[in-house]
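Derivation of every value follows stated rules applied to the coordinates shown; laboratory data play no part. What you see is a predicted model, and the numbers here were worked out from it, not measured in a lab. We place every Cβ from the backbone using ideal geometry, glycine too, and count neighbours over all the protein chains shown.
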Amino acid sequence: MSTTTSPQRIGLFGFGVVGQGLFDVLHRTPGLQTEITRICVKNRSKSRPIPASHFTYERNDILDDPNIDVVVELIDDADAAFEIVSKALRVGKSVVTANKRLVATRLRELLDIQMETGSSLLYEASTCGSIPIIRNLEEYYDNDMLSRVEGIVNGTTNYILTALHEPASTGYASALAQAQVLGFAESDPTLDVEAFDAAFKTTIIAAHAFGVVVNPTQIVRRGITTITPFDVSIAQQQSRTIKLLSRVQLHGNGLSLLALPALSQNASPLAGIRNEVNAVRLTAAFSDAQLLVGKGAGGGPTASAVLSDIAALRYGYRYEYKKLNQASRPVVGHNVETVVYVRGTNEQITSIPFSVIDVDHRSSRGRYVIGHVQLDALHKSAAFQDPETFIAIVPED
């Protein structure tokens, strides 16, 4: 990789919490030899903490400027972001983005553009906040034979679930409201609490860990909105803690992908991950199991990952996607037996084709079953679609 000594000139799209933090760091650290020369925003009337001369409202003022080397994209609209990113790559600019929906849903197109143009697209900030998971998968685990990548990849839901396990907890609604007050959850938290965000990140991890490009709709996904104090109490009675788990796992030549609640054993390292912190556990043939931990929610962790990508571009860094070029890659399939906890009505529970039932508990507080079922059969069951039923996998470790 070559070293760049001339100053980087950045065109920034979006000036929210992350964008403002990035501008401040770069402005106060001249030794980085990086400056934001133009910022494109949408709202003309919004008051901002820096002079108006820094801003433009036309994207082409950045994209067509030959003096801008790097485009940093930090907007919410994934479709608009794709237009910005794809044009920037085509005109020879390097791009850094934090947009996990963009990367997860348009990865195949973005790969084709990178191959066609030779431009570099980095997106460490899209997945797991401050944890350098993509760089590790690309560099450290490029040859080691991974069998599983799993973890807590959404800081918002982990904060909520941590609050629900506290003795003074008053339930899901109050835990969510607390997360919103602290800025960990949006006013509309659907992407987080329904596990869409976790599914996007699972998609990205699958590409870099196993060389498989999938659509986020292929992830077996279910959120945490149906959780009740009853579910938490059952988990605690069994020395378990409920987490929202992302998992990509090999099963022979098959690969299962999920973003689901899980009753993690308290002895598991993931059970002890609290509040807005993320953690990723990687299991491989030679390095065995390793755990990466770091903050996942909030502007600071995202900005740190964006800054890391900007710094990497100074050395000509780009993803090589080695595992996508392997002759043999696993095939996505969910015909694998899974142990699950299901709490719901008799009708919903009986809609699941359990092969073995380990526990069938009935009381005035509710009914739950712990049993074995094929993951694809669970996914197709009426219970999985029911808005009141709570479903969680029960990991062995």
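A few points about this structure:
- Charge-dipole axis of the chain as Lys and Arg at +1 and Asp and Glu at -1 on Cβ define it, positive-most pick from L146, G333, Q180: Q180
- Computed from phi, the 3J(HN,Hα) profile of the range 364-373 under the Karplus parametrisation 6.51, -1.76, 1.60 (θ = phi - 60°) reads 5, 7, x, 10, 9, 10, 10, x, 9, 8 Hz, with x in place of Gly and Pro.
- C-alpha center-to-center spacing [the range 176-234, the range 45-112] in angstrom: 25
- Spin-label zone in the range 49-89 - amide nitrogen under 19 Å from a point set 7 Å from the Cα of Q33 along the C-beta vector: 67-71
- The range 239-397, Cα convex hull volume normalised per residue, Å³: 164
- Assigned charges on the beta-carbon of Lys, Arg, Asp, Glu; the range 8-122 dipole about Cα centre (debye): 300
- Among L182, L111, L74, residue whose mean-square fluctuation peaks in a GNM of the chain (springs only between Cα atoms under 10 Å): L182
- Spatially close lysines, pair count over the chain: Cα under 18 Å, gap of eight or more or interchain: 6
- 222 nm mean residue ellipticity, helices alone, for the chain (DSSP H n ≥ 4; -39,500 (n - 2.57); rounded to 500): -9500 deg cm²/dmol
- When you work out D = kT/(6 pi eta Rh) for the chain at 20 °C and 1.002 mPa s, using the Kirkwood radius from C-alpha pairs as Rh and the Stokes-Einstein form, the result is 97 µm²/s.
- Other-chain or far-sequence residues with amide H under 5 Å of T338's (modelled H): V373, Q374, L375
- Relative intensity of the range 8-122 on a log10 scale, I(q)/I(0) at q = 0.19, 0.20, 0.24 Å⁻¹, equals -1.00, -1.09, -1.47, per a Debye sum over C-alpha point scatterers of equal strength in the absence of solvent.
- Here the chain is treated with +1 on each Lys and Arg Cβ and -1 on each Asp and Glu Cβ, and its dipole about the Cα centre works out to around 260 debye.
- GNM on the chain, alpha-carbon springs under 10 angstrom: the most fluctuating residue among E337, E276, E150 is E337.
- Dipole of the range 8-122, positive end: most advanced residue of L26, V91, Q114 [Cβ charges, Cα centre]: L26
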